[in-house]
1. Which residues, taken from segment 4-37, are outside any helix (DSSP H, G or I), in contact with a Ser or Thr (Cβ under 8 Å, 6 or more places away or on another chain) and free of Cβ contacts under 8 Å to residues at least 40 places away in the same chain?
2. Taking the condition modelled with pLDDT of 95 or more, outside any loop (DSSP other than H, G, I, E, B) and surrounded by 16 or more Cβ atoms within 10 Å (Cβ to Cβ), does residue 66 pass?
3. What single numbered condition from (1) assigned to a loop (DSSP other than H, G, I, E, B); (2) closer than 17 Å to residue 113 by Cβ; (3) of a type in the set (A, V, I, L, M) fails to hold for residue 78?
4. Condition first: in a loop (DSSP other than H, G, I, E, B) and at pLDDT below 90. Now tell me which residues in segment 89-124 satisfy that.
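The values are calculated or read from the model by the stated rules, or taken from the named source; none is laboratory data. Treat the numbers as computed from the prediction; the structure is a model and nothing was measured. Neighbour counts run over all protein chains shown; Cβ positions are idealised from the backbone, glycine included.
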Amino acid sequence: MKILYVEDEENITQLAKILFMRTTHDLMVCSNIKDAKNAILSDCFDVIILDLLFPGEEDGINLLEFIQSKGIDISVLVHSGIVDDQIEPILKYYKNLGIIRSIHRKGSTTFDDLINDIDKLNNN
C-alpha cells in the first residue's frame, strides 16, 4: 500500500521511516499540510496517517476538510497527541463520513498498531 504520513516532528518521521522499511508498504512523508495537499492531488495514496497539530495556519482538520471537499476516497488514520473533548466531535464527524478509519493517540499507540491497522485495511 502507498501511505502518506503527514507529521511535522522529525524524530517521529525518522522512526516511522525505519519501521516501515520492514514492511511492504511504500511510505512518503510530508511535514506540512500544504505539501500533503499537493501530494494528494499529484499521487494516489491508499492511506494517510495524519497528525492534527501543525505550526502555522493549517492543521490536520484542514486536511480532512480538503479531502472531503474534493471527494477524495482515502482512508485516514489519525495519529495525534491532541485528541481531547473539544476535537473529538470533529473527528467523530469525519469518522461517520468514512474518511477517518481509526484514531490513535501518540504515547499510547505504537507504530506496530498503526501498521496492523493498515494491514487490516489492505485485507478488506
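1. Selection gives 29, 31.
2. Criteria met by residue 66.
3. For residue 78, the exception is condition (1).
4. 107, 108, 110, 124 - these are the residues of segment 89-124 that are in a loop (DSSP other than H, G, I, E, B) and at pLDDT below 90.
Residues checked against (1) in contact with a helix residue (DSSP H, G or I) (Cβ under 9 Å, 6 or more places away or on another chain); (2) buried (at least 16 other Cβ atoms within 10 Å of the Cβ); (3) not aromatic (Phe, Trp, Tyr):
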residue	(1), (2), (3)
16	yes, yes, yes
23	yes, no, yes
30	yes, yes, yes
48	yes, yes, yes
71	no, no, yes
83	yes, yes, yes
92	no, no, yes
